[in-house]
Amino acid sequence: RISLRDDGGFGLAINMGPQINSTEDELFPTAIGDSLLLFSVDRYTGFGGLDIYASRLFDENALHPVHLSYPFNSQADDFYLNLREGSVEGLLSSNRTGENNDEIYYFEAFPLRILLEGEVRDESTNKLLAATEIAVIAGDYEEINLLADSLAFYRLTVPLVKKITVTAEKSGYFPERRLLTVADTTQLIRQDFSLALLTFPAAISGFVRDRESQLPMSDEKVTINGPGGFSLETFTNSLGEYRFDSLKPNNIYTVRVSKEGYFNESRVCRIPEARKPLLLNKQNGVDMDFELTAIQEKKEVVINNIYYDFDKASLRESSKIELNKLVAMLRETPQVIVQINAHTDTRGSHNYNDKLSKERAASVVNYMILHGINPARLVSRGFGKTNPIIPNAKTEAEHQANRRTTFTVTGTNFQPVISETPVVEKTDKLVYRVQLMASSSYYPPESYFAVLKTVIPGIRFSVNQSGSLYRYEAGDSYRLAEAESLKSQIVAAGFTDCFIVPYYAGERISMEQAKTWER
């Protein structure tokens, strides 16, 4: 390794160290971009003669070299492999035929590869599903299709890239997709599949628009995640529309949209049991549309449809739909700090309106804190009647326009402070949980409610069986206020019909008893 000096000259050559070099001769070094080193050496781990090895580079350090498999290496001399920039096409030199000394060979495949293998079974019967179609997309490099063998097993080599998508499809079954994140030191990935019989498939669709201009946002990435590691992505079309098909009924999915310079957003969608194909979209009563808000510091953004009771700071239930969207925006964009602003109409005294607006702004902030947003990211401010949109408002509609709640981005570099306070082991016998649902069917809670783990870190699940009924619960709170906070976060994540249940010494009790004992 040779460094470049500030004056444009070269520094001293630095030995790459024992991680790369050995007692043998390391020859023909080639760098692919700034992250991959290729070289040739005759080692006992090779096939014979000079063999090509590859090593990942990180901050001037190299990982342990990997021996490239056949056909990049042979029993003869193989050396000087090079890739065309931005493609998988490349050249290498070899004397493997033994006829004309060293010759140049062309290839079209990424040379650094890993093993991917797994098996496919029926989700209900655990029966092996032979001849399942396996489709693999390895970054921008390769798309590979194959069939699982007679034992429902598949194995192939794939390029060592950061993201690999694997899909298993079989006639009569719902397809399953997995987005795999690959570490640079990975050599083998095991990905098994359990396929569910095809009943009535569901689809989720929606539109992505710019909040300010209301114009459709085309070619934007939309991802969906579901139980068991299900993951898929698509892109919006020219109308800003996206769609996910072949989704399983009676499952919970999270749809996310992210764009540089905008608030990220997410929606949780619970697909019910169905006796016909379902399409879940805004037209059918499930709002899966997104209006992305640009992150612009110091610019006031109106939060639509925020209403308060007359002469009060308490929020109406109808306001919480829009506030839950703001909660999701802040949860998905954790580096942003915002100020919540409340404005009144121009009627009444300054003192009265100043006090009311401050209380209303604080009410919104408290709502978001209750739903899991870090208080350090939130500031409330009441402006009273000092900044009306319509200064000489006369009609009720004009007064309503002046009565508004907005937010302003005040920072984009929030870093949470990690508390060093030790966790004290609780000994109380009174425990509150949040019941998510009850069903006559059993579902593994860690996978079925996986969406909650992405929005509420550390959430714990439990299942209580009573006869043929399963009750699915979350959390172990020792104070009712803690349980109410958890419930609010769960409601914001899409589980609007959840409720709190208290236990004493493992037995379910009434809420009245719990409140008495807590006092």
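Tabulated data for the structure shown
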quantity: Length gained when the stretch LYS259-ARG211 is fully extended (0.36 nm per residue, less Cα-Cα span); calculated: 16.0 nm
quantity: Whole-Hz ³J(HN,Hα) from phi, Karplus 6.51 cos²θ - 1.76 cosθ + 1.60, for the range 480-489, glycine and proline x; calculated: 4, 4, 5, 5, 5, 5, 5, 4, 4, 5
quantity: In the range 253-348, the chymotrypsin sites (Phe, Trp or Tyr not before Pro) that fall in loop regions by DSSP, at most 13 other Cβ within 10 Å; calculated: PHE310
quantity: At R0 = 51 Å, FRET efficiency that the Cβ-Cβ distance of ASN392 and THR454 yields, to 0.05; calculated: 0.55
quantity: Amide H contacts of GLY411 (H built 1.01 Å from N, under 5 Å, at least 5 apart or other chain); calculated: ILE337
quantity: From phi via Karplus (6.51, -1.76, 1.60), per-residue ³J(HN,Hα) for the range 148-163 in Hz, x at Gly/Pro; calculated: 5, 6, 5, 9, 6, 10, 9, 8, 7, 9, 9, x, 7, 10, 5, 10
quantity: Helix-only CD estimate at 222 nm, as mean residue ellipticity for the chain, using -39500 (n - 2.57) per DSSP H run (n ≥ 4); calculated: -4000 deg cm²/dmol
quantity: Long-range amide H partners of ILE189 with built H, under 5 Å; calculated: LEU115, LEU116, GLU117
quantity: Sorted peptide list for 434-446, 113-125, criterion being average Cβ within 10 angstrom, highest first; calculated: 113-125, 434-446
quantity: Relative contact order (%) - the range 202-292, alpha-carbon pairs under 8 angstrom, separation at least six; calculated: 36 percent
quantity: Where GluC sites (Glu not before Pro) fall in DSSP loop in the range 136-241, at most 14 other Cβ within 10 Å; calculated: GLU212
quantity: 0 to 90° range, to nearest 10: angle between helix 320-332 axis and the chain longest Cα axis; calculated: 30 degrees
quantity: Residues in the range 373-405 reached by a label modelled at SER318 [backbone nitrogen below 14 Å; 7 Å Cα→Cβ]; calculated: 397, 400-401
quantity: Integer Hz, Karplus 6.51/-1.76/1.60 couplings in order for the range 203-215, x for Gly and Pro; calculated: 9, 10, 9, x, 10, 10, 10, 7, 4, 6, 8, 6, 7
quantity: Acute angle (nearest 10 degrees) that the helix 350-370 long axis makes with the longest principal axis of the chain, alpha-carbon atoms; calculated: 40 degrees
quantity: Cβ crowding within 10 Å averaged over residues, with 22-30, 474-482 ranked highest first; calculated: 474-482, 22-30
quantity: The chain, relative contact order [Cα under 8 Å, separation at least 6], %; calculated: 8 percent
quantity: Nitroxide proxy distance, nm - points 7 Å out along Cα→Cβ at SER441 and ASN284; calculated: 1.7 nm
quantity: Loop sites in the range 286-331: trypsin sites (Lys or Arg not before Pro), DSSP, at most 16 other Cβ within 10 Å; calculated: LYS298, LYS299, LYS312, ARG316
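Computed from the coordinates by the stated procedures, all read-outs in this text should not be read as laboratory data. What you see is a predicted model, and the numbers here were worked out from it, not measured in a lab. Cβ sites come from the backbone with ideal geometry, for glycine too, and all protein chains shown count toward neighbours.
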